[in-house]
1. Might you let me know whether region 127-136 holds any residue that is in contact (Cβ under 8 Å) with a residue 12 or more places away in the chain, more than 16 Å from the ligand (Cβ to nearest atom), touching a helix residue (DSSP H, G or I) at 6+ places or on another chain (Cβ under 7 Å) and over 30 Å from residue 238 (Cα atoms)?
2. Considering only residues of region 6-23 that are out of contact with any helix residue (DSSP H, G or I) (no Cβ under 8 Å at 6 or more places or on another chain) and assigned to a helix (DSSP H, G or I), which is nearest to the ligand (Cβ to nearest atom)?
3. Kindly list, by first and then second residue, each pair from a residue in region 304-318 that is in the same structural domain as residue 289 (by the TED database) to a residue that is assigned to a helix (DSSP H, G or I) and surrounded by 10 or more Cβ atoms within 10 Å (Cβ to Cβ), limited to pairs with Cβ atoms under 6 Å and residues at least 6 apart or on different chains.
4. Residues 337, 323: which one is more than 16 Å from the ligand (Cβ to nearest atom) and touching a residue at least 60 places away in the same chain (Cβ under 8 Å)?
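The values are calculated or read from the model by the stated rules, or taken from the named source; none is laboratory data. This structure is a prediction, so every number in the text was calculated from the model and none was measured. Note that we place each Cβ from the backbone using ideal geometry, even for glycine, and neighbour counts take in every protein chain shown.
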Ligand code: SOE
């Protein structure tokens, strides 16, 4: 009989929605499931918000007291979907209580917090995961398979971007994502870390970086209400404004430990770009190209193709590809953001069932924080900075 595991989800916002959908859907896609996640308790900052999240996301109970919830003996898994400033405190308490933990990205605001989180989960011997979901896109997992099989040879160059435009309007509100004390950093932590995670997954550890991290909009209108509206501004010319103390954009060059070089850009100010995560990887025997806005497709070029057929081919992912057995039976039915979260949930509960740490776990999350810290240092110093 598949085991039922009780989940306490802390945070009922955008990520809470994505995780709650994954808990409900994972066994419908991946059967037999490694476990059946039971939506036991959802926690939010007030009783009213928690109750609304309970009704909306199908949890049994609601609470506004995360400390009491993570210490409950009937909770198996703690899921951290809060803003970044409380990731460390909740994760450390949950680890001490012996709970398995999945934490939204970025793992923490600082390297110090990430180190403390790693120490806590390792001391407790629990399973831990950071929710860098884009690795779970089947086309990205297929790229990983081709690279591991040596199909594009030794990697020479990695080019990664994550471009969005939801904060391009200087009058979009000062949400927590623009406040260092809550977010830790701006585009670097929020979306740059996704690409660092993909670079680590596909190419290997980054050793050294040089970066520019400008802030274009030094103030923004104070946000009315606590909900992160991701730029949906209710415009008012006389709105009181507050200071932005994080980066708006990251433009960087990379040196990987294994010898490859690369570049990585992240911005939420690129008008016309939505969730434009692109990866282009050149190897000694071929190339790979991926664009999340066409996430069902992987473009590959194999240099040993016959001369008259050389060029990028487009592989449309489906049942023949990673996670394909659980997802939709016909290529073209389509992968969405939810599917990446469902696969993430499947990998997390599989790791618990196998008692083996998944990837990216908190130790991988710490490596990503070390790269983020190097970007921020280089943004200030203007010179190459070592990671770590
Ligand atoms: C905002 O930039 C955001 O919600 C990120 O925080 C998520 O991690 C990303 O996947 C979607 O965009």
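1. yes
2. Residue satisfying both the conditions and the ranking: 14.
3. Close Cβ pairs satisfying both conditions: 317/138; 317/139.
4. Just one listed residue meets the conditions, 323.
For (1) part of a loop (DSSP other than H, G, I, E, B); (2) outside the structural domain of residue 359 (by the TED database); (3) within 16 Å of the ligand (Cβ to nearest atom); (4) touching a helix residue (DSSP H, G or I) at 6+ places or on another chain (Cβ under 6 Å), each residue gets a yes or a no:
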{"position": "33", "(1), (2), (3), (4)": "yes, yes, no, yes"}
{"position": "55", "(1), (2), (3), (4)": "no, yes, no, no"}
{"position": "72", "(1), (2), (3), (4)": "yes, yes, no, no"}
{"position": "102", "(1), (2), (3), (4)": "no, yes, yes, yes"}
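Here's the yes/no breakdown for (1) within 16 Å of the ligand (Cβ to nearest atom); (2) in a loop (DSSP other than H, G, I, E, B); (3) out of contact with any strand residue (DSSP E or B) (no Cβ under 6 Å at 6 or more places or on another chain):
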position	(1), (2), (3)
279	yes, no, no
288	no, no, no
308	no, no, yes
314	no, no, no
318	no, yes, yes
343	yes, no, yes
351	no, no, yes
